[in-house]
1. Checking the condition under 30 Å from residue 595 (Cβ atoms) and modelled with pLDDT of 95 or more, which residue from 458, 441 passes?
2. Go through region 89-104 residue by residue and tally those that are crowded, with 19+ Cβ neighbours inside 10 Å and modelled with pLDDT of 95 or more.
3. Given the structure, is residue 450 in the same structural domain as residue 552 (by TED's automatic domain parsing) and not in a helix (DSSP H, G or I)?
4. For region 101-118, how many residues meet the condition of being in contact with a helix residue (DSSP H, G or I) (Cβ under 7 Å, 6 or more places away or on another chain) and either within 17 Å of residue 288 (Cβ to Cβ) or assigned to a strand (DSSP E or B) (or both)?
5. For residue 428, only one of the following conditions fails: (1) part of a helix (DSSP H, G or I); (2) modelled with pLDDT under 95; (3) in contact with a strand residue (DSSP E or B) (Cβ under 9 Å, 6 or more places away or on another chain). What is its number?
6. Taking only region 716-735 into account, find how many residues are under 30 Å from residue 614 (Cβ atoms) and at pLDDT below 80.
7. Would you mind listing the strands (runs of 3 or more DSSP E) fully within region 491-552 where at least 3 residues are at pLDDT 95 or above and under 30 Å from residue 451 (Cβ atoms)?
8. Consider residue 309 carefully, then state whether it is surrounded by fewer than 24 Cβ atoms within 10 Å (Cβ to Cβ) and more than 30 Å from residue 433 (Cβ to Cβ).
């Protein structure tokens, strides 16, 4: 199932903001003070973002905090905290957050006192990262990533929960992000000239480019309306070239490297320093300013794996709820699956992947599915669309053109297309028709599906500017479902669903579709969805639904849970039909009746007789823990530049090759998303337990023993490694949570597995082994696994000469190559 991820109060934030008068706050005083009037704090100190429940002028928030903290029962020491002034264009408008610098010695007391205030929503720590300080030899931090043009360095911030430490010496708040980058005029490839010939050039479209800035006198741009600086550097200019390049792809007018919408109004938000650093508070202020000044489109060539960074994620929701169409790069973490970057993985954002000129998915383009919903649900289709991303031509810093590659190149390509399409709608009623859902409908419904890539690689396909124009020019507000057709007989596009037919007695097959509501920012499912089979045989298919209680902002989810009924155990054939549901939204401005729209989702599946038990495998997904709920290290200790397991494990993401190999061998693989007590072992030949980190209930341990001993269930366990000294040496200080992070387990939770396997007389050891071995002439590499130290008499073991790395000292993520001692070790059952 796809869990509802909206917060109840969030639905009212954008309306609250829009209702507030845009009155400038008082001029900020110099220095700022707090904690009894102190203007300087004894080091070390750290900065925190304090979010309020409503927008108010900055001075009202400041007075409220100062009065509230003066009145606490346990008086705070003088100079324990300080108000941080934010001198940027957003200061002229009401705000919903403040930045406090807090002395680390009093962190817990101050944060608790702030949280207790009635108008305070929450408190989040913020940290800064310097490219020179954090190298690729250090752990990857949580948060969004600036993808630098050098293609290296993925450090970040972001925050889930505030924790305090006396050892922090950070002096600023933020995320380390990377500009997602890696020759050709793409405007002609997408047929922009056809719209230019009809007079559509992006005129009167306000385009916000969040990047490294732009120079005011750049000859490639005719309509730079405003440049704003949100950094701590005293310049509006682009000294890196990335912001200028992105702007050129969107709105350049040079004949050698033209942009899609040359008359678009450029609003350059300089949110990156020359050192490619940014901060949470900079983005929050810049987002607020974009809302206050009525931007139409916003491009973000950023990304990161951390979607639990609530201040950022919820501000993106608020921004799109205020009718700003956001376009963002899906990430450069391909060809790995399940590596989508945030915010492009959000359903209200247009997430853009990359292709080359042969219409092949670019190797660097991140793949889906989304991982918000795992391990107990199923991800959504992303990217939304793909665009050319290799050797794209754009503007240099001062003059001339250059080429770059990456999904951050594909993102401004789509942003330029969006600006061009926005200008198709007459200005006087654009806002009543166009919104993030409307534009996504036009893009995904107009896209051209590529032959070869699956839906988690290409989304709806390559953008088709003309088809999207045809959809928009006569558009009437409506709701729709993406994708609007699920044909599980169509391979490879509908991989993995097309690789395995349905059959009776199996675990539910879950597909998570996205609801796009072009009628309004908020909507609801009017009545429960209905399955309408095309023929009577379709009644053999049971379709259960879960869906969004509230569709906000503009989007929601519809999850289909598919099972063949027991009476279909011998059926072989195709079942097809439609799923229908109705969406309604509040009345449009000037109307009295609610808006309503009917949606239809076509479904086609292949059904086979229930396979014999020996061919059925059950994959244990329930006991997989996905970071960032805890510090789970990578399975292979040879990975030096990223010791954190960011995305968890799933058959259809990082284990998709295993899934395909098992299917090719004639096996049927089902996913268990519940405890071991919730399946009938008599249906399965093997329980597959790979790289599991969670613990087991006593009931699960007893049931598994009974399943094996009395029901003949086979169990295959891949244990990875668990070595306490290595785990301790992997401890690092996380600037975002102000705390030391120690792994909650090793590559797998070997102690928990030993408890599970104890009734069988089987136990794994604590060595960390690696090396190469051969079985039946097949050479295989064994990376960072453990050994078997106990096994029942009469059992069969394979033994190989492997390297014992248990005593090798590890400094964070790098393993020093010292005192390696070969040892003959038991490898597998």
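The values are calculated or read from the model by the stated rules, or taken from the named source; none is laboratory data. Please read these numbers as outputs of a predicted model, since none were measured by experiment. When we count neighbours, we look across all protein chains shown, and the Cβ atoms used for this are built from the backbone with ideal geometry, even at glycine.
1. That would be 441, the only listed residue that is under 30 Å from residue 595 (Cβ atoms) and modelled with pLDDT of 95 or more.
2. In the first step, residues of region 89-104 are kept if they are crowded, with 19+ Cβ neighbours inside 10 Å; the result is 90, 93-104.
From the residues that got through so far, the ones that are modelled with pLDDT of 95 or more too are 90, 93-100.
Here the count works out to 9.
3. no
4. Summing the residues that are in contact with a helix residue (DSSP H, G or I) (Cβ under 7 Å, 6 or more places away or on another chain) and either within 17 Å of residue 288 (Cβ to Cβ) or assigned to a strand (DSSP E or B) (or both) in region 101-118 gives 1.
5. With (1) part of a helix (DSSP H, G or I); (2) modelled with pLDDT under 95; (3) in contact with a strand residue (DSSP E or B) (Cβ under 9 Å, 6 or more places away or on another chain) applied to residue 428, the lone miss is (3).
6. Our first condition is that a residue be under 30 Å from residue 614 (Cβ atoms); within region 716-735, this holds for 716-720.
Retained after the next criterion (residues that are at pLDDT below 80): none.
Summing the residues that are under 30 Å from residue 614 (Cβ atoms) and at pLDDT below 80 in region 716-735 gives 0.
7. The qualifying strands (runs of 3 or more DSSP E) are 509-517.
8. Taking the combined requirement at face value, the residue does not satisfy it.
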